[in-house]
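J.: One structure coming up, written as structure tokens, with questions to follow.
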Amino acid sequence: MATELRQQLEHSTSYPLVRNMAKFMDDYYIDPVVGLALPMGIGDMLTQTLALPYLYISMMKIGSWKLTLAIVYNILVDILLGSIPFFIGDVIDMFNKYYKRNFKLIEGYIDQDQYVINEVENNAYRVIAMIVILILLIVLLWTLVSSLIGGVFSIFG
């Protein structure tokens, strides 16, 4: 079963894409560089659209909603931490390799790694609660940052 799924995925276009994306976004620091270039969370939102193939594989190819939740959780943590202003979030982004984490989760499911599968399965409902909290924190952070920036511009205006 595991080798069948691996062969099927390795011959698809999405699996090599996520493998290469993990390398480029995390090892070559594309994720934090884009975050630096486009501040206020815009770069982080843009780079996270590149995580869509991870979601596609987890939902459509592997078919695990619990794996998909774990990947969504990692995406939201990356958005939240990367959105911290004054370059702090971008520095944090350099050390947190969320693309690689998501790829390792997918690899764990493909290889039927029981540790990875058990972690994802056992934490699924906790992850749902954490996703709701992360969304609220992202909205709160972006509201705070936009009001701060608006206040700074009103001084000059």
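J.: Would you confirm whether or not segment 21-31 contains a residue that is surrounded by fewer than 17 Cβ atoms within 10 Å (Cβ to Cβ) and over 15 Å from residue 94 (Cα atoms)? Working first, answer last.
T.: Taking segment 21-31 and keeping what is surrounded by fewer than 17 Cβ atoms within 10 Å (Cβ to Cβ), we get 23-24, 27-30.
Restricting the remaining residues to those that are over 15 Å from residue 94 (Cα atoms) gives none.
Looking for residues that are surrounded by fewer than 17 Cβ atoms within 10 Å (Cβ to Cβ) and over 15 Å from residue 94 (Cα atoms), one finds none in segment 21-31, hence no.
J.: For residue 65, only one of the following conditions fails: (1) within 17 Å of the chain's Cα centre (by Cα); (2) modelled with pLDDT under 95; (3) surrounded by fewer than 18 Cβ atoms within 10 Å (Cβ to Cβ). What is its number?
T.: (2)
J.: Suppose the filter is surrounded by 14 or more Cβ atoms within 10 Å (Cβ to Cβ) and under 19 Å from residue 31 (Cα atoms); does residue 108 pass it?
T.: Spelling it out, it is not the case that residue 108 is surrounded by 14 or more Cβ atoms within 10 Å (Cβ to Cβ) and under 19 Å from residue 31 (Cα atoms).
J.: A further question follows. Mind listing whichever residues of segment 10-20 are under 17 Å from residue 100 (Cα atoms) and either open to solvent by 90 Å² or more (accessible area, probe 1.4 Å) or touching a residue at least 24 places away in the same chain (Cβ under 8 Å) (or both)?
T.: 14, 15, 17, 18, 19
J.: Could you count how many residues in segment 105-136 are closer than 17 Å to residue 89 by Cβ and modelled with pLDDT under 95?
T.: Number satisfying all stated conditions: 0.
Okay, residues lined up against (1) hydrophobic (A, V, I, L, M, F, W, C); (2) open to solvent by 70 Å² or more (accessible area, probe 1.4 Å); (3) without any contact (Cβ under 8 Å) to a residue 24 or more places away in the chain:
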| position | (1), (2), (3) |
| --- | --- |
| 39 | no, yes, no |
| 59 | yes, yes, yes |
| 79 | yes, no, no |
| 88 | yes, yes, yes |
| 99 | no, no, no |
| 104 | no, yes, yes |
| 123 | no, no, no |
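J.: Here is a check on your reading of the model: is residue 97 touching a helix residue (DSSP H, G or I) at 6+ places or on another chain (Cβ under 6 Å) and among the basic types (Lys, Arg)? Please lay out each step first, then the result.
T.: On the way: touching a helix residue (DSSP H, G or I) at 6+ places or on another chain (Cβ under 6 Å): yes; among the basic types (Lys, Arg): yes.
For residue 97, the condition - touching a helix residue (DSSP H, G or I) at 6+ places or on another chain (Cβ under 6 Å) and among the basic types (Lys, Arg) - is met.
J.: Can you tell me which of (1) in contact with a Gly (Cβ under 9 Å, 6 or more places away or on another chain); (2) open to solvent by 30 Å² or more (accessible area, probe 1.4 Å) is the one residue 95 doesn't meet?
T.: (1)
J.: Could you please give the count of residues in segment 107-118 that are in a helix (DSSP H, G or I) and under 16 Å from residue 15 (Cα atoms)? Even if it seems obvious, please write down each step before you answer.
T.: Just the residues of segment 107-118 that are in a helix (DSSP H, G or I), to begin with: 107-110, 114-118.
Subsequent filtering for residues that are under 16 Å from residue 15 (Cα atoms) retains 107-110.
The qualifying residues number 4.
The values are calculated or read from the model by the stated rules, or taken from the named source; none is laboratory data. Source: prediction; values computed, not measured. All Cβ positions, glycine included, derive from the backbone under ideal geometry; neighbour counts span all protein chains shown. Note: areas computed on protein heavy atoms with side chains; ligands, DNA, RNA excluded. Shrake-Rupley method; radii C 1.70, N 1.55, O 1.52, S 1.80 Å.
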